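What follows is calculated from the coordinates using simple rules that are stated; it is not laboratory data. Computed from a predicted structure; not experimentally measured. Counting neighbours? That spans all protein chains shown, and the Cβs are built from the backbone with ideal geometry, glycine included.
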């Protein structure tokens, strides 16, 4: 289960489908049926909540703030990563070894780089899901407004990581 | 981010190359995005005299500045091109689900240049754009093609893409073809789908996940909550019959300016089709190809057989476009209706335009035929407004002996649903007489002869919608002077009354809450300023991606100016945004002039302005002094009132020489992918 999952407050939901059409993994369908003003409505619903990646895009897209992102308990033995969505996700080039694992898991294709070279996150493309954190073994990824450190010479980085 | 991406995608279909085009902030700040950006790009890239069906034409598919920023009722996408129907700027506008997917690929707009020699479609996701072969879906209707394209590009666990496609009419390069999305929503007008077909572009499939935001998301959402709450307070239970509105017959003719929230009641309860009874009773709905009247030609019993309540009986669900909190749409089950030889089942509810175009306009009370034809036209990807118009012309020509059974192959009569269905199908496929009619009334007259012109009702090559301009001089003027003529969505007296623009825009004249309509026939600067206020505001709304039914909710409910400022942080006033609207309005006229059109080209057909006036019915005796109205509107727009050409000082004041003639490298940076 993702570290956050969405809960729609249906009394506040107008069914505009912003969540459905912005979700990067198409989690929602229109299977929540209500009758409002005498007519049948289909509202967004998370049928396969286990597929949610907890990015919070749905909540941020909702124009009337009818979606709460609820924290879940992490799986046993695993550390929870609770994102600060007001801050960008960045990579410290001095810690990154260019293994590409983060780039391969990114659902938004926001991480660019070549093998064995420091990777960079396109902050406008990033959806702040935190999946990259789960893959990085070098603790190179951080979620704050701290500026990206300058890249120190390669030999020094190699010495640090050995 | 300020709501817009700052980048468009240019696809050259001849060389099969894709280029990222970064556009300077000053273009957005002076034109907004959406259809305005499309019009600017078309002006800069379509050479004078370009064949609309040739490779020199450009087709822009665009979403608005506000889309996906957290505003509501702002999910429209638009097609902008040189129209084959008019020879000037062509635009079509659609709801559905496609708009957010354009921006989620990181582009405000996708512009198609050149033409492919084989059927292709554009696919784009986070990895970027690629042109793919579409020969396996060429020949499919728009809905089937959309379904096939989405399924073959859906990857489990990733974002499901959305698509827009053309149908048979677009492939046949009909001047009435549109571009479809979400199983039958359509950007229908002015042949934009025909242009897409001429480029052998079957569709677009988009599946990116790039986030979009405005400068001040909290303020945007605060406004959205207010709008959503107000809209959802205005409704009637569906058991209330739409026939109740027939009491309008007994009302005197009045200028009404209630808060636009009252139109929300109509839309929210029955959808636009709820208007048909009211429209027919008040003279709003043209009847018998603009030549008849409800009193003589279409009894109230027939109206009641085909009104909005009949549709609600078949409705299984409400339908909401992306970001809409209004939900004027619906889904119907038509599996059991007569004439349904295609086995259609779950379909979109017809809009008022389609509903009236295939019923009262052609004197048919066959509701099933209308329901079937609406879906058939959606599948064909053809504009129901123009199709109804050209069918009306053909029927009247037949009834008056200009067309015979030998010409058509069967009989054509007013109210004969079988004939109407046969002819519409032929038009969709360019078969038989349908090939002559498939490009609209103006082209049909060129092919058939000038004696048909009296029945060919259009303005500048665009058939008018089901909103009679004889009782509404403001609307008649807008049909004439907008650069995309014959469009009720440019505005009119009733809409101006709902918008309440004068509460935000310092120069917009107020309309009285309830009053006589006589003043609307006056030739006055005040009347022209009302017309221009509608026209400029429409340009703002189309730059933002807003819906027409949003802007007729009124400025108290639909805070367009406030949303734009919250998204961009520009600190502009409503007057500043209307100045942008004026700039776009003027630019579109300059496009037409560059393409060789004389501004008088869009003077409406006589029937649209009461030349001669009807003798019977609500619009009896009404004539709009259209020449004087056009000239006064031009004068107030800063154009030469005799020629309709924008005056040099107007062009200079709007800075259009700089934006339209300065080197394009000043405004863009290209990176070939």
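Observations on the model:
- The simple spin-label model puts a point 7 Å past each Cα toward its Cβ; for residue B:14 and residue A:146 those points are separated by 5.4 nm.
- Using the alpha-carbon positions of the range A:4-71, Rg (one decimal) and Dmax (whole number) come out as 11.4, 36 Å.
- Shape category assigned to the range B:547-673 from the gyration tensor of Cα positions, a/c cut at 1.5: oblate
- Residue mean of other protein chain beta carbons inside 10 Å, A:31-40: 4
- Peptide A:61-68 is shielded by partner chain Cβ atoms: per residue, an average of 6 of them sit within 10 Å of its Cβ.
- For the range B:273-455, averaging the sequence separation of C-alpha pairs within contact (under 8 Å, six or more residues apart) and dividing by the residue count gives a relative contact order of 17 percent.
- Using C-alpha pairs below 8 Å separated by at least 6 residues, the relative contact order for chain B is 17 percent.
- Under conditions of 10 °C and 1.306 mPa s, the protein assembly as shown yields 58 µm² s⁻¹ as its translational diffusion coefficient, taking Rh as the Kirkwood radius over Cα pairs in the Stokes-Einstein equation.
- Approximating the spin labels as points 7 Å out from Cα along Cα→Cβ, the residue A:70-to-residue B:514 distance works out to 5.1 nm.
- Protection proxy ranking for B:105-113, B:562-570, using the average of other Cβ atoms within 10 Å per residue and placing the highest first: B:105-113, B:562-570.
- Distance from the range B:542-591 to the range B:57-121 (C-alpha centre basis), Å: 18
- Over chain A, all Cα pairs binned in 10 Å intervals from 0 give whole-percent P(r) values of 10, 34, 29, 16, 8, 3, 1, 0, listed from short to long.
- Per the Cα gyration tensor, chain B maps to an equivalent ellipsoid with semi-axes of 33, 29, 26 Å, ordered largest to smallest.
- Per-pair calculated FRET efficiency, R0 = 56 Å: residue A:33 and residue B:295 via Cβ, rounded to 0.05: 0.80
- Comparing A:37, A:60, A:48 in a Gaussian network model of chain A where C-alpha atoms under 10 Å apart are linked, the largest mean-square fluctuation is found at A:37.
- For the range B:273-455, fraction of C-alpha pairs farther apart than 21 Å, in %: 48
- Taking A:84, A:11, A:29 as the candidate residues, the one with maximal mean-square fluctuation in a Gaussian network model of chain A, Cα springs under 10 Å, is A:11.
- Ranked by how many other beta carbons lie within 10 Å on average, peptides A:75-82, B:17-24, B:304-311 from highest: B:304-311, B:17-24, A:75-82
- Top of A:107, A:149, A:88 by mean-square fluctuation, Gaussian network on chain A, Cα under 10 Å: A:149
- Tensor-based shape of the range A:89-161 (alpha-carbon gyration tensor, a/c under 1.5 rounded, otherwise prolate or oblate): prolate
- As a rough guide to protection, the peptides B:97-104, B:642-649, B:530-537, B:354-361 ranked by mean Cβ packing within 10 Å, highest first, stand as B:354-361, B:97-104, B:530-537, B:642-649.
- Multiplying the residue separation of residue B:600 and residue B:653 by 0.36 nm and subtracting their alpha-carbon distance yields 16.7 nm.
- Per principal axis, descending, Cα span of the range B:7-206 in whole Å: 41, 38, 31
- For the peptide A:18-28, the mean number of other protein chain Cβ atoms found within 10 angstrom of a residue's Cβ is 6.
- Estimated FRET transfer efficiency when R0 is 41 angstrom, pair residue B:152-residue B:431 (beta carbons, to 0.05): 0.85
- Here the ratio of the Cα radius of gyration of the range B:360-478 to 2.2 N^0.38 Å is 1.02.
- Placing a pseudo-label 7 Å from each Cα along the Cα-to-Cβ vector at residue B:333 and residue B:127 gives an inter-label distance of 4.2 nm.
- Virtual paramagnetic centre 7 Å along Cα→Cβ of residue B:45, amide N under 11 Å, in the range B:480-520: none
- Using 0.36 nm per residue and subtracting the Cα-Cα separation, the extra length available between residue B:628 and residue B:611 on full extension is 4.7 nm.
- Stretchable slack from residue B:226 to residue B:135, in nm (0.36 nm times residue separation minus alpha-carbon distance): 28.0 nm
- Entry note, the protein assembly as shown: the mean residue ellipticity at 222 nm calculated from DSSP H runs of n ≥ 4, each adding -39500 (n - 2.57), is -9500 deg cm²/dmol after division by the residues and rounding to the nearest 500.
- Relative contact order (%) - the range B:7-206, alpha-carbon pairs under 8 angstrom, separation at least six: 23
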